[in-house]
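The values are calculated or read from the model by the stated rules, or taken from the named source; none is laboratory data. Since the structure is predicted, the reported quantities are computational estimates derived from the model, not experimental observations. Glycine also receives a Cβ, built like all others from the backbone with ideal geometry; neighbour counts cover every protein chain displayed.
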Amino acid sequence: MSILNVPAARRATPFAERQFFRYVLFCISVLLAVLAFLLPARSEEGHTLIIPANDGYGFEECLTPGSQCGLVVADAWCKAHGFGGSRGFRPETADTAGVPAGSVRVTCGAAVD
């Protein structure tokens, strides 16, 4: 069977299917690009600061769990580094990722402009 005997509509079908597939891919990529720009970055939600045990300020006893002044010190530390108030703090008990034991990990809010 020769290509000349095949109706024109049957010959155009693969091209039309490719065009439709390209159109769908274009729409999906535009949608993903718009979502990427509209969604906030999660890395800006909070920041972690490490207060070393031998920093010289002498408030490591204040940052023990259950102390009255712990939240005040954690808030002040975050604000001094340009972040919002603290979300929490906890002591580091093991040497993890280069953080010496006895240090305090403070989680701060988003950066303040």
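Tabulated data
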| quantity | calculated |
| --- | --- |
| Sole exception among (1) among the small types (Gly, Ala, Ser); (2) modelled with pLDDT of 80 or more; (3) over 22 Å from the mean Cα position of the chain (by Cα) for residue 12, by number | (2) |
| Cβ pairs under 9 Å, 6+ apart, first in region 61-85 and at positive phi, second of a type in the set (A, V, I, L, M) | 82/111; 82/112 |
| Total residues in region 89-110, condition over 16 Å from residue 52 (Cα atoms) and without any contact (Cβ under 8 Å) to a residue 24 or more places away in the chain | 0 |
| Selected residue (criterion: surrounded by the most Cβ atoms within 10 Å (Cβ to Cβ)) from residues of region 15-47 that are at pLDDT 70 or above and closer than 30 Å to residue 89 by Cβ | 47 |
| Inter-residue pairs, beta-carbon under 6 Å, first at negative phi and in region 26-55, second modelled with pLDDT under 70, 6+ apart | 53/60 |
